[in-house]
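*Asks:* Here it is, the structure, as structure tokens.
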Amino acid sequence: MSSTNYSIQLIAEIIKAKDFTAQQPSEITSLVIDSRRVADPEGSLFFALMAQRNGHGFLADAYANGIRNFVISEPDYFKIYPDANFLLVDDVLKSLQQLAAFKRSRHSLPVIGITGSNGKTVVKEWLYQLLAVDFNIIRSPKSFNSQIGVPLSVWQIEPEHTLGIFEAGISTVSEMEALEGIIQPTIGILTNIGEAHAEGFSSSLEKLQEKLKLFLHSDLFIYAPEYTLGIVENDLPGKTRFSWSMQHPADLQVLFIEPIEHKSYIRANFRGKEIECLIPFSDRASVENGVICWATLLALGYTPEEADLRLETLALVSMRLELKTGINQCSVIDDSYSADISSLAIALDFLNQQNQHLQKTVILSDLYETGKSRQVLYGEIAALLKQKNIGRLIGIGPEISACASLFEMETSFYQDTPDFINDFPTQHFSNETILVKGARRFEFSRISKLLTQKIHDTVMEIDLNALAGNLHFYKARLKPGVKVMAMVKAFSYGSGSFEIANLLQYHKVDYLAVAYADEGIALRKAGITMPIMVMSPEPFAFEAIVKYKLEPELYNPEILTAFAGFLPASTIGYPVHLKIDTGMHRLGFEEPDLPELLSVLTASRQLKVISAFSHFAASEDERHDEFTKIQINRFIEISNKISLGLGYAFMRHISNTSAITRHPDAQFDMVRIGIGLYGFDAGLKGNRGLHTVAVLKTTVTQVKQVSAQETIGYGRRGLLPQGGQIATVKIGYADGYRRSFGNGIGKMLVNGKPAATVGSIAMDMCMLDVTGMEVKTGDEVVVFNDVLTIAMLASQIDTIPYEILTNISQRVKRVYFYE
Ligand SMILES: *Cc1c(COP(=O)(O)O)cnc(C)c1O
């Protein structure tokens with residue numbers, strides 16, 4: 001089928017623009033919703049979506065990045081740039097969807113549509129791995145499955161593609177119809193229906209029925225009866241159907257699953273015949289996803305023998321970038337599993353968020369991007385690298401090497417990964433951020449291993465998307481114009497230093513706050529330029545505070561006069577923040593201090609009050625709401641007196657995390673978000689709406705059998721009265737796993753199952769009772785995650801999540817994930 005050229009005029013017709021200017025002719029090749037992720041500005045059409053943030057606010061950024069085509073819905077922005085094209089519509093998202101649906105309908109390729117509660121992305125990626133030898137496949141990047149992600153994915157279809165694989169995810173009723181119109185799947189797969197996230201639906205049946213709408217016009221529908229809630233087959237969608245089941249008679253009925261090493265041997269009945277396969281995974285979710293892929297291959301007509309051969313080659317799917325500490329003070333971003341231009345733009349954007357090193361290096365393999373000539377593809381990549389200020393490129397592969405002349409930066413090229421590795425000892429990497437990005441077959445994980453510090457087996461994983469999600473959760477609850485100060489004291493509640501601050505700066509938080517000057521200095525040295533308040537400015541640190549442009553919190557007359565006296569007479573208007581005590585009785589000025597405070601401030605031109613603030617003692621607790629109100633009133637009264645006395649206004653803030661949702665009237669000019677960023681809010685029932693940010697994992701070092709008479713660990717406190725099996729794991733109180741978790745108080749998840757501690761927790765390790773469980777050396781053990789939560793751990797030892805998080809010691813390596 002011939003390719004359509006999407007001129008701006010044609011697009012205006014397709015989306016029925018109400019008003020439209022075409023100042024210059026444009027052929028549109030890329031659709032853009034984020035002004036920072038622009039690969040090809042001339043060919044890009046920017047959609048000003050009203051999503052988490054109003055996209056119209058980013059038109060200027062997009063314009064500065066070279067974009068000249070805009071779809072907007074706010075008439076005030078129409079024609080704001082004379083040399084740009086504007087398409088005015090009622091609903092920008094709908095236009096994006098209409099355009100993608102139009103493009104889809106111009107291509108008659110078979111398309112697999114996948115939906116379900118879990119496993120969509122894995123099944124999509126695995127089907128890609130299994131079918132890529134037979135088809136030229138276009139698939140959703142990463143887990144692009146939303147009302148926005150689906151049209152962006154489907155827009156990528158080109159005439160040379162022979163199969164599409166797209167996933168669709170919904171969160172409430174009446175969302176699937178639009179996605180069905182865009183994906184138009186000819187083959188449908190329902191992965192499963194979980195109990196989770198039933199919010200947005202009145203019942204499980206309603207949720208299922210909404211999901212099934214994706215398959216309304218499909219020729220073939222692949223599903224498991226255990227997930228269709230008793231809907232009779234004839235009422236299911238699909239002209240033909242193929243069922244798989246772990247329990248019921250089905251086209252593919254699994255008879256048994258036998259774990260062998262880390263693999264699973266599966267036998268099943270396939271239309272009256274016994275067949276088998278080996279899936280190289282053993283966890284439940286992977287086995288189920290593997291069976292779905294098996295069913296799909298069979299439904300598509302592959303022989304059982306062929307299906308078995310292919311399934312054995314399935315490889316782990318990782319959609320996430322990992323930020324790790326590298327050798328020679330480097331930071332390494334590991335993205336060694338995918339290589340297409342849209343994921344490259346995301347990875348470069350993340351690289352660009354990193355401020356800790358000036359030098360930025362990209363190690364990049366050949367890209368497998370169909371539909372573009374080599375010159376065009378690598379030309380685009382060269383422009384992208386230049387736009388993101390990449391100082392050095394190391395290209396690996398024959399294709400990128402052949403395009404060496406396109407790149408205007410320091411470069412070196414290698415034919416393949418072993419070539420690079422052989423040359424590694426002569427290469428120089430230090431004090432730089434390195435993005436390692438390559439197609440799976442280049443096995444770049446070998447390169448990232450060389451570049452990163454060996455991580456000992458206990459790791460805290462920090463999900464940066466979850467953190468950004470939590471930030472947006474609170475931002476969405478702020479009144480217009482209210483600013484955000486993010487609390488990053490105590491190593492960001494144990495989660496990290498510049499890694500977290502980079503993200504917060506990127507998401508345009510207004511202020512950061514640290515406890516001590518040295519935390520602020522570390523952030524400045526890592527390139528953080530936004531304002532930083534220091535809550536405990538000690539006099540010996542005044543010089544550093546001024547040198548690094550940190551803003552002290554002044555909380556009593558002594559520290560106020562000391563800081564004013566320290567500043568040279570020539571200083572004018574150094575920014576400071578005043579802490580007012582309204583009832584916490586920790587730090588802060590009180591009413592009787594005001595005359596002295598005002599006389600010092602009015603006498604000195606050196607200080608400028610940027611903000612006055614106070615701190616709630618119990619904003620999360622409804623039993624203290626009366627007291628919280630008293631604090632608010634005192635705050636208003638005292639801060640009014642100060643601004644009256646000073647003769648100028650300043651920002652006012654009092655709300656911590658829980659107050660944002662519980663006391664919206666107390667948002668004033670700014671809020672200070674702490675624990676909520678990290679996924680906890682004692683004022684929200686079950687932390688509803690927040691995402692889990694931190695996961696702590698370790699491994700089994702040894703497994704032992706112990707008899708009833710033997711004791712386990714220091715002080716001989718551990719005992720298994722019936723005898724049994726114990727696993728020693730590599731985490732102890734020096735890592736922050738408190739001694740009070742010992743003797744059965746604490747639990748960890750061993751291969752997903754809970755196991756209690758036995759005996760005392762030692763400094764570097766502890767023992768778990770794994771009697772009756774299948775466990776061996778090297779198995780993964782989860783200390784906390786989204787199932788076994790920090791809140792549960794806190795309640796086991798009668799403390800609060802703040803303490804569990806900040807206790808995790810610095811020797812536990814942090815790895816940051818970003819999608
Ligand atoms: C730590 C801190 C906060 C944040 O409190 P959370 O309950 O974690 O949101 C706010 N203000 C001050 C002064 C703090 O010390």
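*Asks:* Pairs K120/K142; K360/K388; K549/K813; K697/K753; K388/K813: which exceed 19 Å Cα-Cα?
*Replies:* Correct reply: K549/K813; K388/K813.
*Asks:* Per residue of the chain, what 222 nm ellipticity follows from adding -39500 (n - 2.57) for every DSSP H run with n ≥ 4, rounded to the nearest 500?
*Replies:* Taken over the chain, the calculation gives -8000 deg cm²/dmol.
*Asks:* Which aspartates and glutamates does K372 reach when only Cα atoms under 14 Å apart count, and residues fewer than 8 places away in its own chain are ignored?
*Replies:* Straight-line reach from K372, under 14 Å: D40, E158, E160, D340, E380, E399.
*Asks:* Can I ask one more? Over all directions, the average projected area of the alpha-carbon convex hull for the range 662-738 comes to how many nm²?
*Replies:* Taking the Cα atoms of the range 662-738, their convex hull projects to 8.8 nm² on average.
*Asks:* Sticking with this one: Taking every pair of alpha-carbon atoms in the range 437-485, what share in percent sits in each 10 Å bin, from 0 to the bin with the longest distance?
*Replies:* 19, 24, 25, 18, 13
*Asks:* Can you work out the FRET efficiency for the pair R106 and N465, with r the C-beta to C-beta distance and R0 = 30 Å, to the nearest 0.05?
*Replies:* 0.35
*Asks:* Then there's this: Let me check against my output: what whole-number percent is the relative contact order of the range 1-107, with C-alpha pairs under 8 Å and at least 6 apart?
*Replies:* Taking the mean separation of contacting Cα pairs over the length of the range 1-107, I get 29 percent.
*Asks:* So, one more: How big is the range 362-507 by Rg and Dmax over its Cα atoms, in Å?
*Replies:* 19.5, 58
*Asks:* For the range 632-696, with equal point scatterers placed on the C-alpha atoms only and solvent neglected, what are the log10 I(q)/I(0) values from the Debye formula at q = 0.22 1/Å, to two decimals?
*Replies:* Those come out to -0.89, one per q.
*Asks:* Cα to Cα, under 21 Å, and not fewer than 8 places away if on the same chain: which lysines meet these conditions relative to K479?
*Replies:* Straight-line reach from K479, under 21 Å: K508, K629.
*Asks:* In bins 5 Å wide, starting from 0, what share of all Cα pairs of the range 751-794 does each bin hold, as a percent?
*Replies:* Pair shares across the bins are 5, 17, 28, 28, 19, 3.
*Asks:* Once the mean 1/r over all distinct Cα pairs of the range 182-302 is inverted, what Kirkwood radius in angstroms do you read off?
*Replies:* So the Kirkwood estimate lands at 15.2 Å.
*Asks:* Sticking with this one: In whole angstrom, how far apart do the alpha carbon centroids of the range 370-391 and the range 452-507 sit?
*Replies:* Spelled out, the Cα-based centre of one part sits 31 Å from the other.
*Asks:* Right, something else. Taking the mean number of other Cβ atoms within 10 Å as a proxy for protection, how do you rank 749-759, 482-492 from highest to lowest?
*Replies:* 482-492, 749-759
*Asks:* Another question, then. Taking a 30 Å limit on the Cα-Cα distance, which of the listed pairs K213/K475; K124/K263; K103/K211 fall beyond it?
*Replies:* Listed pairs above 30 Å: K213/K475.
*Asks:* Give me the extension gain from D19 to E258: residue separation times 0.36 nm, minus the current Cα-Cα distance, reported in nm with one decimal.
*Replies:* 79.7 nm
*Asks:* Please identify the trypsin sites (Lys or Arg not before Pro) of the range 541-619 that satisfy two criteria: DSSP loop assignment and at most 11 other Cβ atoms within 10 Å. Which are they?
*Replies:* Taking the range 541-619 and a limit of 11 other Cβ atoms within 10 Å, the loop trypsin sites (Lys or Arg not before Pro) found are R586.
*Asks:* When DSSP beta bridges are limited to those with both residues in the chain, what percentage is antiparallel, rounded to the nearest 5?
*Replies:* 40 percent
*Asks:* Mind checking the full-extension length gain between S401 and S643? Use 0.36 nm per residue of separation minus the Cα-Cα distance, one decimal, nm.
*Replies:* Length gained between S401 and S643: 80.7 nm.
*Asks:* Would you mind putting 442-450, 175-183, 312-320 in packing order, based on average other-beta-carbon counts within 10 Å, highest first?
*Replies:* Ranked from most to least packed, the peptides come out as 175-183, 442-450, 312-320.
*Asks:* Karplus couplings for the range 266-271 from phi (6.51 cos²θ - 1.76 cosθ + 1.60, θ = phi - 60°), rounded to Hz, Gly and Pro as x?
*Replies:* For the range 266-271, the Karplus curve yields 10, 10, 8, 9, 10, 6 Hz.
*Asks:* Per Stokes-Einstein, at 25 °C and 0.890 mPa s, what whole-number D in µm² s⁻¹ belongs to the chain, with the Kirkwood radius over Cα pairs as the hydrodynamic radius?
*Replies:* D = 83 µm²/s.
*Asks:* While we're here: If you count the DSSP beta bridges with both ends in the range 571-701, what percent of them are antiparallel, to the nearest 5?
*Replies:* So the antiparallel bridges amount to about 0 percent of the total.
*Asks:* Give the peptides 679-687, 805-813, 398-406 in descending order of average Cβ contacts within 10 Å, highest first.
*Replies:* Final packing ranking: 679-687, 805-813, 398-406.
*Asks:* Determine ³J(HN,Hα), in whole Hz, for all residues of the range 410-416 in sequence, where each value follows from phi through the Karplus function 6.51 cos²θ - 1.76 cosθ + 1.60 and θ = phi - 60°; x replaces Gly and Pro.
*Replies:* 5, 9, 8, 10, 9, 6, 8
*Asks:* Sticking with this one: What is the Cα radius of gyration of the range 196-264 over 2.2 N^0.38 Å, N being its residue count?
*Replies:* In units of the globular-protein estimate, the range 196-264 measures up at 1.34.
*Asks:* Considering just Cα atoms, how many Å³ per residue does the convex hull of the range 702-768 enclose?
*Replies:* Enclosed volume per residue, from the Cα hull, is 78 Å³.
*Asks:* Along Cα→Cβ, 7 Å out, is where each label goes; now give me the distance between the ones at K525 and R688 in nm to one decimal.
*Replies:* If labels sit at K525 and R688, their model points lie 4.5 nm apart.
*Asks:* How compact is the range 298-377 by the rule of thumb for globular proteins, expressed as Cα Rg over 2.2 N^0.38 Å?
*Replies:* For the range 298-377, the normalised Cα radius of gyration is 1.55.
*Asks:* Output the Cα-based Rg and Dmax of the range 1-108 in Å, rounding Rg to one decimal and Dmax to a whole number.
*Replies:* 12.8, 40
*Asks:* Can you list, bin by bin at 5 Å, the percent of alpha carbon pairs in the range 688-819, starting at 0?
*Replies:* 2, 10, 21, 24, 20, 12, 6, 2, 1, 0, 0
*Asks:* Let me ask another. Can you return the aspartates and glutamates within cross-link range of K547? Criterion is Cα-Cα under 19 Å, with same-chain partners fewer than 8 residues away left out.
*Replies:* D518, E519, E538
*Asks:* Output the Kirkwood hydrodynamic radius of the range 62-174, Cα pairs only, in Å rounded to one decimal.
*Replies:* Result for the range 62-174, one decimal place: 15.9 Å.
Every read-out reported here was derived from the displayed coordinates using simple, explicitly stated rules and does not represent laboratory data. Not measured: the values here are computed from a predicted model. Please note: Cβ atoms are built from the backbone with ideal geometry, for glycine as well, and neighbour counts cover all protein chains shown.
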